[in-house]
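Undergrad: Can you keep this structure in mind? I'll have questions shortly.
The values are calculated or read from the model by the stated rules, or taken from the named source; none is laboratory data. Because the structure is predicted, anything quoted here is derived from the model rather than measured. Positions of Cβ are generated from backbone atoms using ideal geometry, with glycine treated the same way; all protein chains shown enter the neighbour counts.
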């Protein structure tokens with residue numbers, strides 16, 4: 001092997017440096033906190049209010065989440081793509097970011113107001129009782145408050161401050177957790193939701209203000225009004241459709257479960273999904289940090305062989321971690337759920353184990369969406385997510401029709417999701433061999449424009 005070849009190989013396999021490890025730790029801590037703390041508050045809610053009331057709270061949160069999933073266009077993706085381009089071309093990157101952040105906030109406010117009007121109308125028409133209407137209203141306010149989070153986070157990412165965003169997310173999760181518990185102990189489920197809403201509103205102000213100041217510091221002050229770059233609206237539409245479809249397999253499933261099986265089925269599924277969510281949250285930073293390596297390989301013409309190698313290495317590592325997680329969790333998960341939620345939920349342990357195995361199997365191909373976008377195949381992502389969402393809904397319907405009882409329905413659904421996860425991961429591993437990459441033609445910017453682009457760090 002020549003010296004040049006060894007040099008190139010060493011660059012490809014070089015372990016992450018301190019900056020990358022700190023960023024990974026911050027993002028992992030944020031994801032873990034956002035998974036663990038709501039689960040702890042859910043445990044307190046179930047123990048203090050029982051299955052029926054806690055099921056209504058979960059249903060209200062699911063409806064609110066589904067509404068904002070549909071109504072939020074997801075401007076964070078457009079921010080990540082178009083702000084650097086606009087900064088390079090005209091120096092108006094700051095103005096464009098602030099415009100998109102204002103749009104995101106305004107869309108959140110408008111969607112919140114529209115949803116509150118719909119809840120009020122449903123209450124006046126007698127379609128929902130007073131208690132559920134209040135729960136829906138509070139859940140909508142809390143969910144609407146966090147709409148600008150992602151766009152603000154994109155601004156922090158552009159300013160190389162992902163670690164700051166991770167710490168702010170941890171603080172937001174802690175504040176919401178504390179206020180929800182105080183509200184639960186002081187006044188029951190309504191104040192539980194009110195505490196979550198108050199924490200979300202407070203942290204939305206902090207995160208947006210921090211992102212604004214950081215973007216101005218990194219990209220420079222606003223000197224001219226922003227102009228919408230060509231292609232921003234079509235790009236936003238396509239990414240929004242894909243994100244909405246993906247959300248159906250998460251928030252939408254609980255909403256449909258509430259309509260089919262009532263509060264008891266929602267509660268059992270919510271409890272059983274928690275271990276799988278913990279594991280899935282640990283894979284998110286992996287894909288977040290893998291994405292720039294794929295796009296850089298595409299941009300520099302490194303070739304598909306390098307992309308396949310790092311993706312397969314990721315799959316191997318996550319396969320090992322998934323097996324270890326499942327082996328360790330298998331003898332403990334039922335006991336832990338019974339201790340946390342009460343012995344009446346001990347049967348949910350089998351459901352939780354199947355859903356944890358589902359998360360482990362999906363983790364093998366957690367890079368699927370990242371790979372599709374990185375190599376310029378967004379149609380792959382949208383088609384796959386659409387098929388997955390439809391099959392998950394079908395699995396829930398089949399489980400509802402074929403099983404009698406809440407736990408049996410949940411078990412049938414969990415078995416179906418595990419089978420779909422195995423098929424999905426197998427599909428992506430098979431299609432990986434067909435991935436080809438063509439390096440795009442580079443267009444060298446003018447010297448003045450090159451100087452306007454801020455230093456980017458992962």
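Undergrad: Taking the condition at pLDDT 90 or above, surrounded by fewer than 20 Cβ atoms within 10 Å (Cβ to Cβ) and not assigned by TED's automatic domain parsing to the domain that holds residue 66, does residue 352 pass?
TA: Taking the combined requirement at face value, the residue does not satisfy it.
Undergrad: Hey, among 115, 137, which residue is under 15 Å from residue 200 (Cα atoms) and touching a helix residue (DSSP H, G or I) at 6+ places or on another chain (Cβ under 9 Å)? Talk me through it step by step, then tell me what you get.
TA: On the way: 115 fails: under 15 Å from residue 200 (Cα atoms).
Only one candidate qualifies: 137.
Undergrad: For residue 114, are the conditions met, namely being closer than 29 Å to residue 47 by Cα, modelled with pLDDT of 90 or more and more than 22 Å from the chain's Cα centre (by Cα)?
TA: The answer is no for residue 114.
Undergrad: May I pose another question? Kindly indicate whether any position in the stretch 428-440 is crowded, with 21+ Cβ neighbours inside 10 Å, at pLDDT 75 or above and not in a loop (DSSP other than H, G, I, E, B).
TA: yes
This table checks each residue for (1) at pLDDT 90 or above; (2) assigned by TED's automatic domain parsing to the domain that holds residue 57; (3) closer than 19 Å to residue 156 by Cβ; (4) outside any helix (DSSP H, G or I).
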{"residue": "182", "(1), (2), (3), (4)": "yes, yes, no, no"}
{"residue": "191", "(1), (2), (3), (4)": "yes, yes, no, no"}
{"residue": "195", "(1), (2), (3), (4)": "yes, yes, no, no"}
{"residue": "207", "(1), (2), (3), (4)": "yes, yes, yes, no"}
{"residue": "215", "(1), (2), (3), (4)": "no, yes, yes, no"}
{"residue": "218", "(1), (2), (3), (4)": "no, yes, yes, no"}
{"residue": "222", "(1), (2), (3), (4)": "no, yes, yes, yes"}
{"residue": "225", "(1), (2), (3), (4)": "no, yes, no, yes"}
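Undergrad: Only one of these is crowded, with 23+ Cβ neighbours inside 10 Å and either within 28 Å of residue 133 (Cβ to Cβ) or more than 21 Å from the chain's Cα centre (by Cα) (or both): 180, 217. Name it.
TA: Values: 217 fails: crowded, with 23+ Cβ neighbours inside 10 Å.
From the options 180, 217, the qualifying one is 180.
Undergrad: State the number of residues belonging to the stretch 349-379 that are free of Cβ contacts under 8 Å to residues at least 12 places away in the same chain and part of a helix (DSSP H, G or I).
TA: 1
Undergrad: Would you mind finding the one in 387, 346, 399, 338 that is free of Cβ contacts under 8 Å to residues at least 24 places away in the same chain, touching a helix residue (DSSP H, G or I) at 6+ places or on another chain (Cβ under 8 Å), farther than 22 Å from residue 35 by Cα and surrounded by 14 or more Cβ atoms within 10 Å (Cβ to Cβ)? Steps first, answer last, please.
TA: Details: 387 fails: touching a helix residue (DSSP H, G or I) at 6+ places or on another chain (Cβ under 8 Å); 346 fails: farther than 22 Å from residue 35 by Cα; 338 fails: farther than 22 Å from residue 35 by Cα.
Exactly one of 387, 346, 399, 338 is free of Cβ contacts under 8 Å to residues at least 24 places away in the same chain, touching a helix residue (DSSP H, G or I) at 6+ places or on another chain (Cβ under 8 Å), farther than 22 Å from residue 35 by Cα and surrounded by 14 or more Cβ atoms within 10 Å (Cβ to Cβ), namely 399.
Undergrad: Which is within 27 Å of the chain's Cα centre (by Cα) and more than 22 Å from residue 196 (Cβ to Cβ), of 97, 68? Let's see the steps before the verdict.
TA: Details: 68 fails: more than 22 Å from residue 196 (Cβ to Cβ).
Being within 27 Å of the chain's Cα centre (by Cα) and more than 22 Å from residue 196 (Cβ to Cβ) holds for just one of 97, 68, which is 97.
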